[in-house]
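Reviewing the structure listed below.
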Amino acid sequence: MPSGLPAFQVLCDFDGTITKTDATLAILEAFALPEFREWERRWERGEITSRECMARQVELIQADLSTLMRFAADLPIDEGIVTLSQRCAQYGIPLIIVSDGVDRFIEAVLRRHGLSYIPVISNRLACDGNGSLSLGSPYASPDCLVGAGTCKCAVASFFGLSLKETMYIGDGRSDRCISTMAQKVYAKAGLREWCDLQGIACEPFETLTEVTERLFQGVGCFA
């Protein structure tokens with residue numbers, strides 16, 4: 001690692017941060033029974049957690065897994081994730097995707113763009129012998145402040161990552177809690193608005209290329 005570049009790791013959200021749209025929502029809109037919207041409304045009203053909401057919605061998807069994977073693979077991404085991953089690898093900075101989304105959809109997108117080497121922590125999609133889908137949340141926490149299927153604060157603790165040495169990149173509600181603890185937060189869309197309302201310091205961004213330039217400012221090709 002070059003002198004002057006402090007030790008840190010980068011944790012990055014997926015839906016709406018790496019993908020330009022929410023991958024799970026796009027799949028629900030394309031393949032789920034209309035009842036998925038009522039679960040969404042109940043979550044928005046605070047009646048259920050996002051973990052319960054997503055589990056119920058996934059059960060309403062009416063398509064086989066291969067169809068869903070092909071659909072996910074075609075979703076547009078922020079091409080800046082390629083540069084970010086390259087720079088992190090070049091300088092020995094761990095980059096981990098931490099998502100409250102769905103592993104199979106994330107894997108399809110990463111494979112399409114040659115990024116399958118990036119570690120992913122997320123909810124897990126299962127398919128039984130009859131083709132019925134269900135969602136597991138191995139990284140949930142009963143203490144999660146946002147009721148996420150993947151509690152991002154708990155994930156950091158579970159893997160022994162110091163949040164004081166974590167650069168976090170996100171855009172939504174599942175990113176709120178960890179944004180109060182990370183060393184630095186890069187925020188856009190809803191997360192940026194929430195941070196501003198809560199008085200939480202963050203660096204606004206629109207593309208991951210911007211984030212990469214700031215993270216590695218003064219180093220290598222960004223000097």
Taking the stretch 140-173 and keeping residues open to solvent by less than 20 Å² (accessible area, probe 1.4 Å) and touching a strand residue (DSSP E or B) at 6+ places or on another chain (Cβ under 7 Å) leaves Ala148, Gly149, Thr150, Lys152, Val155, Ala156, Thr166, Met167, Tyr168, Ile169, Gly170
Of these, Thr21, Thr83, which one is more than 26 Å from Asp128 (Cβ to Cβ), in a helix (DSSP H, G or I) and either modelled with pLDDT under 95 or open to solvent by less than 70 Å² (accessible area, probe 1.4 Å) (or both)? Thr83
Could you grab me the full set of residues in the stretch 118-135 that are within 21 Å of Leu33 (Cβ to Cβ) and touching a residue at least 12 places away in the same chain (Cβ under 8 Å)? Asn123, Leu125, Cys127, Gly131, Ser132, Leu133, Ser134, Leu135
For the stretch 121-164, name all the residues that are under 21 Å from Ala108 (Cα atoms) and of a type in the set (S, T, N, Q). Ser122, Asn123, Ser132, Ser134, Ser137, Thr150
Could you run through the stretch 14-50 and say how many residues are within 20 Å of the chain's Cα centre (by Cα) and within 29 Å of Gly80 (Cβ to Cβ)? 18
I'd like to check something: does the stretch 54-71 contain any residue that is buried (at least 22 other Cβ atoms within 10 Å of the Cβ), at negative phi and either assigned to a loop (DSSP other than H, G, I, E, B) or at pLDDT below 95 (or both)? yes
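Quick grid of which residues meet (1) assigned to a loop (DSSP other than H, G, I, E, B); (2) in contact (Cβ under 8 Å) with a residue 24 or more places away in the chain:
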| residue | (1), (2) |
| --- | --- |
| Asp100 | no, yes |
| Arg111 | no, yes |
| Asp143 | yes, no |
| Gly147 | yes, yes |
| Ile169 | no, yes |
| Ile200 | yes, no |
Working carefully through the options Arg176, Arg124, find the one that is among the basic types (Lys, Arg), touching a strand residue (DSSP E or B) at 6+ places or on another chain (Cβ under 9 Å), closer than 23 Å to Trp43 by Cα and not in a strand (DSSP E or B). Arg176
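The values are calculated or read from the model by the stated rules, or taken from the named source; none is laboratory data. The structure presented is a predicted model; accordingly, all values stated were derived computationally and were not measured. Virtual Cβ from ideal backbone geometry, glycine too; neighbours counted across all protein chains shown. Surface accessibility is based on the protein's heavy atoms, side chains included, excluding ligands, DNA and RNA. Shrake-Rupley method; radii C 1.70, N 1.55, O 1.52, S 1.80 Å.
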